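K.L.:
This is the structure, below, for whatever I ask next.
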Amino acid sequence: MTHKSGTLFIIAAPSGAGKTSLIKSLVSEVDNLDVSISYTTRKPRQDEKHGEAYFFVEESEFNDLVNKNHFIEYAKVFNNYYGTPKDWVEEETRTGRNFILEIDWQGAQQVKSQLRNSVGIFILPPDHHTLRERLVGRQNDDKETIDRRMSAAQQEISHYKEFDFIVINDDFEQALAEIKAIITATNLGSCRQSGFYDDFVGQIMAQKD
């Protein structure tokens, strides 16, 4: 029987909206769901390993990959480049695996233009004050960096209508449940899984008592 095709879920949000925490919980709690590993030119943080969180490369190597059309999308964010490997994503989704792609609105536009079956989910904070509180609570950035991230958040949020689904992360468990529901409903869609259901129904119709 033909297996169901995988789906690429694009999840974007302004910095501090809780996107990373939600994705970690999704991957640990939802079967057949992984995170796509992107390339980046930024330096790894203390707990990050090459090939797990990201593929960490120098800018010269990243530019070489761009010239070789290696990425389905890439963008410069806070002075660092990020890119998603095209062939890897296409091959893995054909095997039936579902993947989350954690990128910004620029990357989401590029992916949607090439993979029209991808599904965009945008995470909103409940309000401006909470967003700043979350950024301060990380204790990773100085005030200047936080101010820059808050300014960038305004631009990021302005693109929310370009996504298929919107989730407000006020209550974490509620937001998590909503994204799980989106993933489940998407994978049951008859149009998206037409090849699988055509084969499945064909076998039922061919069965005799």
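K.L.:
Just to be sure before I move on: is PHE62 buried (at least 16 other Cβ atoms within 10 Å of the Cβ), modelled with pLDDT of 90 or more and part of a strand (DSSP E or B) in the structure I sent? Walk me through it before giving the result.
P.N.:
Numbers: buried (at least 16 other Cβ atoms within 10 Å of the Cβ): yes; modelled with pLDDT of 90 or more: yes; part of a strand (DSSP E or B): no.
In short, no.
K.L.:
Can you tell me which residue within the range 12-52, out of those that are touching a helix residue (DSSP H, G or I) at 6+ places or on another chain (Cβ under 9 Å) and of a type in the set (Asp, Glu), is farthest from ALA108 (Cα to Cα)?
P.N.:
Top of the filtered list is GLU29.
K.L.:
Also, quick follow-up: Determine, yes or no, whether GLU52 is at pLDDT below 95 and surrounded by 14 or more Cβ atoms within 10 Å (Cβ to Cβ).
P.N.:
Working: at pLDDT below 95: yes; surrounded by 14 or more Cβ atoms within 10 Å (Cβ to Cβ): no.
No; evaluated as a whole, the condition is false for this residue.
K.L.:
Within the range 77-91, is there a residue that is touching a Pro at 6+ places or on another chain (Cβ under 8 Å) and surrounded by 18 or more Cβ atoms within 10 Å (Cβ to Cβ)?
P.N.:
Of the range 77-91, the ones touching a Pro at 6+ places or on another chain (Cβ under 8 Å) are none.
No, because not a single residue in the range 77-91 is touching a Pro at 6+ places or on another chain (Cβ under 8 Å) and surrounded by 18 or more Cβ atoms within 10 Å (Cβ to Cβ).
K.L.:
Only residues that are of a type outside the set (D, E, K, R), outside any strand (DSSP E or B), touching a Phe, Trp or Tyr at 6+ places or on another chain (Cβ under 9 Å) and in contact (Cβ under 8 Å) with a residue 24 or more places away in the chain: list them for the range 157-171, please. Spell out the reasoning first.
P.N.:
Kept after step one, since they are of a type outside the set (D, E, K, R), are these residues of the range 157-171: 157-160, 163, 165-169.
Adding the requirement that they be outside any strand (DSSP E or B) leaves 157-160, 163, 169.
Restricting the remaining residues to those that are touching a Phe, Trp or Tyr at 6+ places or on another chain (Cβ under 9 Å) gives 157-160, 163.
Answer for the range 157-171, where residues must be of a type outside the set (D, E, K, R), outside any strand (DSSP E or B), touching a Phe, Trp or Tyr at 6+ places or on another chain (Cβ under 9 Å) and in contact (Cβ under 8 Å) with a residue 24 or more places away in the chain: ILE157, HIS159, TYR160, PHE163.
K.L.:
Here is a further query. Being of a type outside the set (Asp, Glu), surrounded by fewer than 16 Cβ atoms within 10 Å (Cβ to Cβ) and outside any helix (DSSP H, G or I) is the filter here; which residues of the range 18-36 pass it?
P.N.:
Answer for the range 18-36, where residues must be of a type outside the set (Asp, Glu), surrounded by fewer than 16 Cβ atoms within 10 Å (Cβ to Cβ) and outside any helix (DSSP H, G or I): just ASN32.
K.L.:
Against the conditions (1) within 28 Å of GLY16 (Cα to Cα); (2) loosely packed, with under 14 Cβ neighbours inside 10 Å, where does ASN69 fall short? Just the number, please.
P.N.:
(1)
K.L.:
Can you report the number of residues in the range 159-208 which are among the hydroxyl-bearing types (Ser, Thr, Tyr) and either modelled with pLDDT under 65 or surrounded by fewer than 16 Cβ atoms within 10 Å (Cβ to Cβ) (or both)? Spell out the reasoning first.
P.N.:
Filtering the range 159-208 for residues among the hydroxyl-bearing types (Ser, Thr, Tyr) gives 160, 184, 186, 190, 194, 197.
When the remaining residues are screened for being either modelled with pLDDT under 65 or surrounded by fewer than 16 Cβ atoms within 10 Å (Cβ to Cβ) (or both), the result is 184, 190, 194, 197.
Residues that pass the stated criteria total 4.
K.L.:
Look at the range 81-105 and say how many of its residues are assigned to a strand (DSSP E or B), under 30 Å from GLU29 (Cβ atoms) and not acidic (Asp, Glu). Show your work before the answer.
P.N.:
Start the filter on the range 81-105 by keeping residues that are assigned to a strand (DSSP E or B), which leaves 81-85, 98-102.
From the residues that got through so far, the ones that are under 30 Å from GLU29 (Cβ atoms) too are 82-85, 98-102.
Among the residues that remain, those that are also not acidic (Asp, Glu) are: 82-85, 98-101.
Final tally of qualifying residues: 8.
K.L.:
Here is a list: PHE9, PHE55. Which entry is touching a residue at least 12 places away in the same chain (Cβ under 8 Å), closer than 16 Å to VAL111 by Cβ and of a type in the set (Phe, Trp, Tyr)?
P.N.:
Values: PHE55 fails: closer than 16 Å to VAL111 by Cβ.
So the residue among PHE9, PHE55 that is touching a residue at least 12 places away in the same chain (Cβ under 8 Å), closer than 16 Å to VAL111 by Cβ and of a type in the set (Phe, Trp, Tyr) is PHE9.
K.L.:
In the range 1-57, which residues are of a type in the set (Lys, Arg), within 13 Å of the chain's Cα centre (by Cα) and farther than 23 Å from ARG116 by Cα? Break it down stepwise before answering.
P.N.:
Step one: of the range 1-57, the residues of a type in the set (Lys, Arg) are 4, 19, 24, 42-43, 45, 49.
With the extra rule that they be within 13 Å of the chain's Cα centre (by Cα), the set shrinks to 19, 24.
LYS24 - this is the single residue of the range 1-57 that is of a type in the set (Lys, Arg), within 13 Å of the chain's Cα centre (by Cα) and farther than 23 Å from ARG116 by Cα.
K.L.:
Here is a further query. Looking at SER15, is it over 28 Å from ILE146 (Cβ atoms), out of contact with any Leu (no Cβ under 6 Å at 6 or more places or on another chain), polar (S, T, N, Q) and in a loop (DSSP other than H, G, I, E, B)?
P.N.:
Working: over 28 Å from ILE146 (Cβ atoms): no; out of contact with any Leu (no Cβ under 6 Å at 6 or more places or on another chain): yes; polar (S, T, N, Q): yes; in a loop (DSSP other than H, G, I, E, B): yes.
Against the criterion (over 28 Å from ILE146 (Cβ atoms), out of contact with any Leu (no Cβ under 6 Å at 6 or more places or on another chain), polar (S, T, N, Q) and in a loop (DSSP other than H, G, I, E, B)), SER15 does not qualify.
K.L.:
Give me a count of the residues in the range 85-101 that are modelled with pLDDT of 90 or more and closer than 16 Å to TYR39 by Cβ.
P.N.:
Final tally of qualifying residues: 3.
The values are calculated or read from the model by the stated rules, or taken from the named source; none is laboratory data. Keep in mind that this is a model prediction, so the values were computed, not measured. Here the Cβ is made from the backbone with ideal geometry for all residues, glycine too, and neighbour counts use every protein chain on show.
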